[in-house]
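In what follows, a single structure is set out as C-alpha cells and then discussed.
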Amino acid sequence: EIQNEETPTPFAGDYDGDSSLADMTSLQNFLMDEYGYDAGEFGNKIRKLEGTRVFGKLDFNLSVDHKLTLRHNYTKGVSTGANASTNSRINFANNAVFFPSTTNSSALELNSSLGDNKSNNLIIGYTTVRDDRDPIGQDFPNVFIRDGEGSISFGSEAFSTANALDQNIFTITDNFKIYKGDHTLTIGTHNEFISFYNLFIRQNYGSYFFLSLDDFYDGNVTGYDRSYSLVDDLTGDGSAAAAEFSAAQLGFYIQDEWAVSNKMTVTGGLRLDIPILGTAPSIDASFNSTTLPLLEAQYDLQGAQGGAAPKTQLLLSPRIGVNFDANKTTTVRGGLGVFTSRVPFVWPGGMYTNNGITVGGLDENDIEATFNPDPFGQPTNPNVTVPAGQVDLFTEDFKYPQVLRASLGFDKEIGDGWLGSLEGMYTKTLNNVFYQNVNSDPTVDFNWTGADTRSIFTRGRIDDTYTAVYLASNTNEGFAYNLTASLNKSFDSGLFLYGAYSFGDSEAIFEGTSSQNSSQWRGAFTVNGRNNAELGRSDFALGNRVIASIGQAINWTNEIKTNVSLFYNGQSGDLYSYVYNNRNINNESGSTSRERHLIYIPATQSDIMLVADGDVTADQQWAALDAFIEDDAYLSANRGQYAEKNSNRTPFTHQWDLRIAQDLGIKLGNTTNRFQISLDIFNVGNLINSDWGAIYSNPFAYRLIDFEGYAEDGTTPTFTFGEDDLGNDRFNISDRASRWRGRIGLRYIFN
C-alpha cells in the first residue's frame with residue numbers, strides 16, 4: 001500500500017495581533033538579510049504524508065491439529081508538518097517537524113487443537129521502531145513573540161532539535177483453552193520485553209521569548225530556555241546524552257465463560273499485571289545526600305530517591321460480566337471490573353536523562369539572555385557544570401493507571417422491527433498520575449489584595465543546582481460517566497434508519513497528554529499554583545453528541561444496485577478555560593511557559609482594578625468586560641467566583657456526510673463480478689451553504705484578561721481588557737474541517 005497525501009493548511013489572512021501582515025513580510029526579509037535564515041512562508045502551507053506499507057503472510061498446515069502462521073508488516077512513513085497560521089497566531093513554515101518513522105513487525109503464531117476439549121494459541125512477536133524527528137529548514141533557535149492578542153513563532157521547532165527514538169519489542173502470548181460442559185476456561189499470559197534508546201534534549205538550539213515584535217528587533221529578551229548535553233559537546237542528533245534502558249510488562253490471566261443457561265452467560269476473570277523497569281537510572285552522588293533532605297523538608301516525596309526506579313508492583317484486575325436474554329425481545333448486559341493501563345514509557349524514561357548528570361538546562365533565572373542566532377553557540381549554565389538541569393523522580397510505590405469500571409445496558413425489540421438500546425458506564429479513578437515540582441519554594445510571599453486573593457510565591461528554587469525536580473506520584477481523584485440511547489430499524493424496502501444520543505462527563509487533575517513530565521505539570525489549570533492542582537473537567541469530557549443516519553438500497557436488477565446514505569453528526573464543541581494573559585502570575589519556579597491561571601470572575605467593577613490602556617479608559621474597559629461576561633452563560637452565572645477548568649465549550653457543531661455507491665455487475669459463467677463507483681461528500685451542508693458545517697476552535701487556554709502588574713501597594717493586581725468580539729465571532733473556524741470535501745472511488749469486487 002502506497003500513500004501520498006498533501007493537505008492544505010490555508011490562512012484566511014485575518015490576524016488579531018498588533019502587527020500587520022506587511023510586518024510579517026518585513027520580519028521574513030529581516031531574518032534573511034540579518035541572519036541568512038529563511039523562515040519560510042507564513043500564509044498558506046501544505047502538510048505532507050508519504051507512506052509505504054508491505055504485508056506478507058505464510059500459512060503452514062503442519063497437521064490436522066496444528067497450523068502455523070508467519071507474518072510480517074513493514075511500514076515506513078515520512079510526515080512533513082506545517083503549522084497553520086490563524087487569526088491568533090502566525091506560524092512560519094520552517095517552524096515545523098520533519099518526522100520519518102520505520103516499523104518492522106514479525107509474528108509467529110501456532111494454533112493447536114489438543115484433543116476433544118482443549119486448544120492453544122501461541123504468538124511470538126518481534127517489533128522494531130525507528131523514529132528520527134528533526135526540524136524543517138535551516139538550523140536556527142526557536143523564537144516565540146507575544147504580539148498583543150496574537151503571537152508569532154519561527155525558527156527550528158523547539159522539541160525536534162535533538163530527538164531520536166529506537167524501540168525493540170519482544171512479545172510472547174499464550175492462551176490455553178479448556179472446553180468443559182458449560183464452561184470455557186482460558187488460562188493465558190501476555191508479556192512484553194522492551195529496550196529503548198531515546199535521545200531527547202528539548203530546546204537544544206535555544207528558545208527565546210519576546211513580549212513584542214519591537215522587542216525582538218531591539219534584542220529585549222524576556223524569557224529563555226535551553227537544555228544541553230552534560231556528557232559531550234554535541235548539539236543536535238548524535239549526542240551521547242540519550243536514555244538507554246529496558247522495561248517489561250508481564251501479564252497473567254484466567255477467565256471462565258460460563259453458560260449458566262441458554263439465556264444467561266457469566267464471564268469472570270482475574271488478571272495480574274507486573275510492570276518492571278529493568279535499568280536503574282543514574283544520579284549525582286550529592287543529590288540524595290544534599291538535595292533530597294532539602295526537598296523533603298518542604299514536600300512529601302513518598303519514598304522517592306534519585307537513581308531509583310519505582311518498585312515492581314503487583315496490579316490485580318478482577319472482572320465479571322453478565323449477558324442475559326430475558327426473552328426473545330430483551331437483552332440485559334453489564335459488567336464490573338478493574339482495568340490496568342500501561343504507562344507511556346517515555347514518562348519513566350525521563351529519569352534516565354533528566355537526572356542532573358546527563359542533560360543540563362537553564363532559563364532566564366540563570367542568565368541575562370542575549371539573542372544569539374547561532375544554534376550551535378548557545379550558552380550553558382555559567383554557574384554549574386555538573387550536576388545541572390532538571391531531575392525527574394517517581395515515588396517508591398508508583399502504580400500504573402488503574403480504574404474501576406461498571407456498565408449496564410439494555411437491548412429491546414420495540415414494535416415492528418425497531419431495536420432500541422440504552423447503556424450507561426461509570427468509571428472511577430483508582431490510580432492516575434499526579435505531578436509536582438518539588439524544587440519550587442512553596443513559601444507564600446503574599447496574597448493578592450481585593451476580590452481575587454490567590455497566593456503568590458517567593459519564586460525561588462529550594463536547590464539552585466537544579467532548574468526543577470518533578471515528582472510523579474499517584475492520585476485516586478477523577479471519574480467519568482457516559483449514557484447512550486439508540487434506535488434503529490431496517491425495512492424490507494431497503495430503507496435503514498438509525499439514531500443515537502450520548503452524554504458524557506469526566507473529571508481529572510492531570511490529563512497525561514504530553515510525553516514530558518515537565519509539560520504534564522506545566523499544563524495544569526489552577527488558581528493557587530500547579531503544585532496545588534485541583535480536580536476539574538477533563539479535556540476528554542464528551543458532552544452531548546447526536547448521530548443519525550438514513551440509507552436506501554435500490555436493487556434495479558440482480559447485477560445493478562444503488563446505495564444512498566446520509567450521516568449526521570452533531571456534538572458539543574471544544575473545551576476551553578478562561579485564564580489571565582500572563583505566564584507566571586503565581587511566581588512558581590519552572591512554570592513560565594504556559595498561561596494556566598484561572599481568572600476570578602468580577603461581580604462588579606470594584607472586584608477588578610482596570611487601568612488605562614492607551615486611549616481606552618478603565619471605565620470603557622469595564623463596560624466591555626461586563627458585556628462580555630453577560631454574553632457568556634457560564635461567566636454570568638458564576639460572578640464572584642473563580643473560573644473552573646474547562647468551564648466552556650465552543651459552539652455546537654452540525655455536519656452531514658453523503659455517500660452514493662453504484663454497483664454494476666457482470667456475470668461471467670456462474671460468477672458475478674461487480675464494479676462499484678462511489679461518491680463521498682463530507683460535510684455536504686457546506687457545499688450547499690458556506691455558513692453551514694462550521695467547526696469552531698479556540699485555544700484551550702482562553703487569555704481573557706491581561707495582568708499588567710501591581711498598584712503602588714505592591715499587592716493589588718492591575719489588569720486591562722481588550723476583547724472586542726462577542727458570541728461566535730470571537731472563535732476561530734477550523735478551516736479544513738469546516739469545508740466540504742469530496743472523494744471518488746472505484747472498486748472491483750470479485751468472488
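Among all residues of segment 451-465, there is at least one that is in contact (Cβ under 8 Å) with a residue 60 or more places away in the chain, open to solvent by 70 Å² or more (accessible area, probe 1.4 Å) and part of a loop (DSSP other than H, G, I, E, B).
Could you tell me which of the residues 160, 151 is open to solvent by less than 40 Å² (accessible area, probe 1.4 Å), assigned to a loop (DSSP other than H, G, I, E, B) and out of contact with any Cys (no Cβ under 7 Å at 6 or more places or on another chain)? Talk me through it step by step, then tell me what you get.
Details: 151 fails: assigned to a loop (DSSP other than H, G, I, E, B).
Only one candidate passes the filter, namely 160.
Note on segment 166-213: residues that are closer than 30 Å to residue 373 by Cα and charged (D, E, K, R) total 1.
Residues being in a strand (DSSP E or B), farther than 28 Å from residue 536 by Cα and of a type in the set (Gly, Ala, Ser): count how many of those fall in segment 484-502. Quick ask: steps written out before the conclusion?
Here is the first cut: in segment 484-502, the ones in a strand (DSSP E or B) are 484-490, 495-502.
Filter again for farther than 28 Å from residue 536 by Cα, leaving 486-490, 495-499.
Of the ones still in play, those that are also of a type in the set (Gly, Ala, Ser) are 486, 490, 499.
Within segment 484-502, residues that are in a strand (DSSP E or B), farther than 28 Å from residue 536 by Cα and of a type in the set (Gly, Ala, Ser) number 3.
In the condition set (1) open to solvent by less than 30 Å² (accessible area, probe 1.4 Å); (2) of a type in the set (Gly, Ala, Ser); (3) over 30 Å from residue 509 (Cβ atoms), residue 409 is compliant with all but (3). All of 481, 470 fail the test of being in a strand (DSSP E or B), open to solvent by 10 Å² or more (accessible area, probe 1.4 Å) and in contact with a Ser or Thr (Cβ under 9 Å, 6 or more places away or on another chain), apart from 481.
Residues that are among the β-branched types (Val, Ile, Thr) and over 17 Å from residue 598 (Cα atoms) within segment 622-658 comprise 650, 653, listed in sequence order. Condition check: over 33 Å from the mean Cα position of the chain (by Cα) and of a type in the set (Asp, Glu). Does residue 214 satisfy that? So residue 214 fits the description; yes.
Screening residue 187 with (1) under 30 Å from residue 263 (Cα atoms); (2) open to solvent by less than 40 Å² (accessible area, probe 1.4 Å); (3) β-branched (Val, Ile, Thr) gives one miss only, at (2). Only one of the numbered conditions (1) under 22 Å from the mean Cα position of the chain (by Cα); (2) of a type in the set (Gly, Ala, Ser); (3) in a strand (DSSP E or B) is not met by residue 119, and that is (1). Taking segment 292-385 as the region of interest, the strands (runs of 3 or more DSSP E) fully inside it that hold 1 or more residues being under 30 Å from residue 264 (Cβ atoms) are 315-327, 330-340. Checked against the criterion of being closer than 20 Å to residue 647 by Cα, assigned to a strand (DSSP E or B) and not aromatic (Phe, Trp, Tyr), the candidates 582, 569, 544 yield just one match: 544. Applying a threshold of 8 Å to beta carbon distances and a minimum spacing of six or more residues, or different chains, the list of pairs starting in segment 197-213 at a residue that is within 24 Å of residue 238 (Cα to Cα) and ending at one that is open to solvent by less than 30 Å² (accessible area, probe 1.4 Å) and part of a helix (DSSP H, G or I) reads 198/349; 198/352; 204/375; 205/375; 206/375.
What do you reckon, is residue 146 open to solvent by 20 Å² or more (accessible area, probe 1.4 Å), more than 28 Å from residue 172 (Cα to Cα), in a strand (DSSP E or B) and out of contact with any strand residue (DSSP E or B) (no Cβ under 6 Å at 6 or more places or on another chain)? Yes; evaluated as a whole, the condition is true for this residue.
Mind checking which residues of segment 308-322 are among the polar types (S, T, N, Q) and surrounded by fewer than 18 Cβ atoms within 10 Å (Cβ to Cβ)?
Just the residues of segment 308-322 that are among the polar types (S, T, N, Q), to begin with: 312-313, 317.
Passing the criteria: 312, 313.
Residue count for segment 211-231 satisfying the condition of being modelled with pLDDT under 95 and open to solvent by less than 30 Å² (accessible area, probe 1.4 Å): 6.
In segment 391-406, the residue that is least open to solvent (accessible area, probe 1.4 Å) out of those that are over 24 Å from residue 461 (Cβ atoms) and part of a strand (DSSP E or B) is 402.
For segment 274-291, a tally of residues being surrounded by 20 or more Cβ atoms within 10 Å (Cβ to Cβ) and part of a loop (DSSP other than H, G, I, E, B) returns 3. Among the residues of this structure, residue 192 does not count as one that is in a loop (DSSP other than H, G, I, E, B), crowded, with 17+ Cβ neighbours inside 10 Å and among the charged types (D, E, K, R). Pairs please, first residue from segment 15-43 and closer than 19 Å to residue 138 by Cα and assigned to a helix (DSSP H, G or I), second anywhere and open to solvent by less than 20 Å² (accessible area, probe 1.4 Å) and among the hydroxyl-bearing types (Ser, Thr, Tyr), Cβ atoms under 7 Å, 6+ apart in sequence or on different chains. Filtered contacts from segment 15-43: 31/37.
Return yes or no: is residue 429 in contact (Cβ under 8 Å) with a residue 12 or more places away in the chain, touching a strand residue (DSSP E or B) at 6+ places or on another chain (Cβ under 9 Å), open to solvent by 60 Å² or more (accessible area, probe 1.4 Å) and among the β-branched types (Val, Ile, Thr)? Answer is no for this residue. A single entry from 378, 298, 305 fulfils the requirement of being crowded, with 17+ Cβ neighbours inside 10 Å and among the polar types (S, T, N, Q): 378.
Exactly one residue among 551, 543, 504 is at positive phi, modelled with pLDDT of 95 or more and either in contact with a His (Cβ under 7 Å, 6 or more places away or on another chain) or not basic (Lys, Arg) (or both), and that residue is 543.
Only residues that are more than 30 Å from residue 561 (Cα to Cα) and either open to solvent by less than 20 Å² (accessible area, probe 1.4 Å) or within 14 Å of the chain's Cα centre (by Cα) (or both) were counted across segment 494-520, and they come to 15. Only one of the listed residues (47, 71) is in a strand (DSSP E or B) and under 30 Å from residue 147 (Cα atoms). That residue is 47.
Scanning segment 238-266 for residues that are open to solvent by less than 40 Å² (accessible area, probe 1.4 Å) and of a type in the set (S, T, N, Q) returns 239, 249.
The values are calculated or read from the model by the stated rules, or taken from the named source; none is laboratory data. If you're wondering where the values come from, they're calculated on a predicted model, not measured in any experiment. Backbone-built Cβ (ideal geometry, glycine too); neighbour counts: all protein chains shown. We work out accessible area using only protein heavy atoms, side chains counted, and drop any ligands, DNA or RNA first. Shrake-Rupley method; radii C 1.70, N 1.55, O 1.52, S 1.80 Å.
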